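Below is one structure; the comments refer to it alone.
The values are calculated or read from the model by the stated rules, or taken from the named source; none is laboratory data. Please read these numbers as outputs of a predicted model, since none were measured by experiment. All Cβ positions, glycine included, derive from the backbone under ideal geometry; neighbour counts span all protein chains shown. The protein model used for the area step is the full one, side chains on, heavy atoms only, and it has no ligands, DNA or RNA in it. Shrake-Rupley method; radii C 1.70, N 1.55, O 1.52, S 1.80 Å.
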Amino acid sequence: MRKLLMSLLLACTSLLCTSGMAQNMAPANDELYKVFGEKNGITQLMDDFVNRLLKDARIGTHFKDAKPAGLKAQLTEQICQLTGGPCTYKGADMKSAHAAMDINKGDFNALVENLQSSMEARGIPFTQQNRLLALLAPMHRDVITLH
Ligand code: HEM
């Protein structure tokens, strides 16, 4: 099931996904933001998520020089904004942030799996998990540079 979902997300070639919605897809309301427990819930989710990334044998090396506290903070702002919350992500755009990192599809899938595990651990319902993943999926075009 997970594999299927991930393939669907990555193979996402529908109009919706090709219209660059990652940039201008902010939800019309803050419903999803509330589902994720607002700023506090997202902060805790990103804390757990980044901790999992650092420990993941598949992609942990990508994060060897990372500053976990800063990354958690940036991700929190990004997800807060993306889910319709009152935040403004001021970090680098996804293309610049991941340039020269040689990230491939497998790396991206591994990151998504960790996010799914974190959401599962926090009891986020499956359909709501997928709403966030659908918002993140289009970013694969900017993040994956190794084909
Ligand atoms: C949808 C997928 C992804 C999102 C939303 C995302 C988001 C972010 C954000 C917001 C930052 C901080 C940028 C800044 O500080 O200006 C960042 C940095 C970074 N990302 Fe990603 N990322 C994604 C995928 C990946 C993947 C697949 C990898 C590698 C396996 C990765 C590795 C990194 C690394 C190493 C940094 C730098 C961290 C640091 O220097 O502290 N990212 N990412």
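Miscellaneous remarks
- Accessible surface of segment 27-143, 1.4 Å probe, proportion on carbon and sulfur as whole %: 53
- Area of D47 that stays accessible when all protein chains are in place (1.4 Å probe, Å², to 10): 70
- Annotation: per residue accessible area for segment 27-143 equals 51 Å², rounded to a whole number [probe 1.4 Å, protein chains only].
- Residue-normalised convex hull volume from the C-alpha trace of segment 80-141: 96 Å³ per residue.
- Across segment 29-37, computed HN-Hα scalar couplings (Karplus, 6.51 cos²θ - 1.76 cosθ + 1.60, θ = phi - 60°) run 9, 9, 4, 5, 4, 5, 4, 7, x Hz from first to last residue, x flagging Gly and Pro.
- Computed Kirkwood radius, in angstrom, where 1/r is averaged over Cα pairs of segment 27-143: 14.5
- Surface accessible to a 1.4 Å probe, E38 within the full protein complex, Å²: 80
- Simple spin-label estimate for N40 and K90 in nanometres, 7 Å along Cα-Cβ: 2.5
- Chain lengthening between D30 and D65 when straightened (0.36 nm per residue, less Cα-Cα): 9.2 nm
- Here is the list for segment 61-123: trypsin sites (Lys or Arg not before Pro) lying in DSSP coil, each with at most 11 other C-beta atoms within 10 angstrom of its C-beta, are K64, K90.
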